[in-house]
Amino acid sequence: MSTQPAVKASWMDKFGGRGKLIQILIIGVLILGVLPMVADIFRLNLYGKYLTYAFVAAGLVLCWGYGGILSLGQGIFFGLGGYCMAMFLKLEASSPENTAIQSTPGIPDFMDWNQLTELPWFWQPFHSFTATLLLIVAVPALFAFLIGFAMFKRRVGGVYFAIITQAIASIMTILIIGQQGYTGGINGITDLRTLMGWSIQTDFAKYVLYFACCGGLILCLLVGQFILNSRYGQLLIAMRDQEDRVRFSGYDVANIKIFVFVVASVFSAIGGAFFTLQVGFMSPSFVGTVASIEMVIFCAVGGRLSLIGAAYGAFLVNLAKSSLSESFPQLWVVAMGALFIAVVMLFPRGLAGLVSDYAAPLRERLASRFGRKAPSNPEPVPAPAAPETRQPATRKDVAVGSAQETHG
């Protein structure tokens, strides 16, 4: 039997092929080129805040869309990343010179108000910017690993996992509010001014932080595409559709779930860190169940099977939220609920599904009309000649082993 040589995959195939890379390039052109040209600095700063939620939506595509793991607590990891960055910025703003009027100089103001006399031990590593960057990734990843290990090793999944993550988000909110002397309480960590001596409140700084956020988002999209087009991505889809079959094939399904849950948490934490830089504060309102459910809606509207669609969904839903809340502040909650119902019932694959259903066929028709037409009667391509084989032995004109021979 002849064998065909294996075709070596190009580097583009590792990221979903030319089509996916073009779509990511289009996003890059829109957020790096078009938006800075048409928006003033105030609106651009708002757009940067919207794009931080796209990190969470991209993580949910991996975790929920391809892994089948619905997490209603992604605000936990968004908040952890944001609080890690806020702790570093707050320590920099709480130098002994800036806090000389406090009873205990050199500690954040809310600690002084709560009569703390020294910096807690878990705040100490955030004096270093390098350690802060590592902790932004490590702390949410470790927390997600502990949750995933406790749940997935015991085969807890489906709606039970969603409810448990929602409960953990509520617990985290209560914990942050209750420990006011260590976390800032319900007000959060505010009055963040500089990053390594560089003011983050100037217009130039807002431009730089916006472009940094966009660059981080594009990098996360590329990492997500790389994961989905690897062998691990195939295992994710197989696990989502036939979990028992994957388990019986010898794979540890729990480890697969833990890995994708950790990756989604890291994406969310990076978005939270950029959110703190863009907005200048972090509060427990971004950790709770309401924020976490909104993040799921961002992913659902954009398309939970498309990383690029989820990024569009996060941006467009937040843009609509700001626009409607400015004119009709009390109707936005109703509009959000109606939007989620419409997505579930009318277009469950989100905006990405609408594009694939309508835009792609239209593009093909336009290409066939204006492009080069295929010949009407193409010559058939001859099939490769089969190798010569010896005729099978026969018995009474019936081939041995054929379907016509029966065995008593």
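Take the conditions in contact with an Asp or Glu (Cβ under 6 Å, 6 or more places away or on another chain), of a type in the set (S, T, N, Q) and open to solvent by less than 40 Å² (accessible area, probe 1.4 Å) and apply them to GLN74. Does it pass? Considered against the rule, which asks whether it is in contact with an Asp or Glu (Cβ under 6 Å, 6 or more places away or on another chain), of a type in the set (S, T, N, Q) and open to solvent by less than 40 Å² (accessible area, probe 1.4 Å), GLN74 comes out as no.
Among the helices (runs of 4 or more DSSP H) confined to segment 89-194, the ones with at least 3 residues that are more than 29 Å from LYS206 (Cβ to Cβ) and either open to solvent by 20 Å² or more (accessible area, probe 1.4 Å) or among the aliphatic types (A, V, I, L, M) (or both) are located at 129-152, 158-178.
Of the residues making up segment 47-68, just one is closer than 11 Å to ALA264 by Cα and open to solvent by 10 Å² or more (accessible area, probe 1.4 Å), namely TRP64.
In segment 185-198 there is at least one residue that is under 25 Å from ARG43 (Cβ atoms) and of a type in the set (Phe, Trp, Tyr). Taking first residues from segment 327-349 that are farther than 17 Å from ALA291 by Cα and partners that are of a type outside the set (Lys, Arg) and open to solvent by 90 Å² or more (accessible area, probe 1.4 Å), no Cβ contact under 9 Å between residues at least 6 apart in sequence or on separate chains turns up.
Annotation note: Cβ proximity below 6 Å between a residue of segment 19-43 that is in contact (Cβ under 8 Å) with a residue 60 or more places away in the chain and a residue that is acidic (Asp, Glu) (sequence gap 6+ or interchain) occurs for ILE41/ASP203.
The values are calculated or read from the model by the stated rules, or taken from the named source; none is laboratory data. Because the structure is a prediction, the values reported are computed rather than measured. A quick note on method: Cβ atoms are made from the backbone with ideal geometry, for glycine too, and the neighbour counts reach across all protein chains shown. Areas reflect the complete protein model, heavy atoms only, side chains present, ligands, DNA and RNA absent. Shrake-Rupley method; radii C 1.70, N 1.55, O 1.52, S 1.80 Å.
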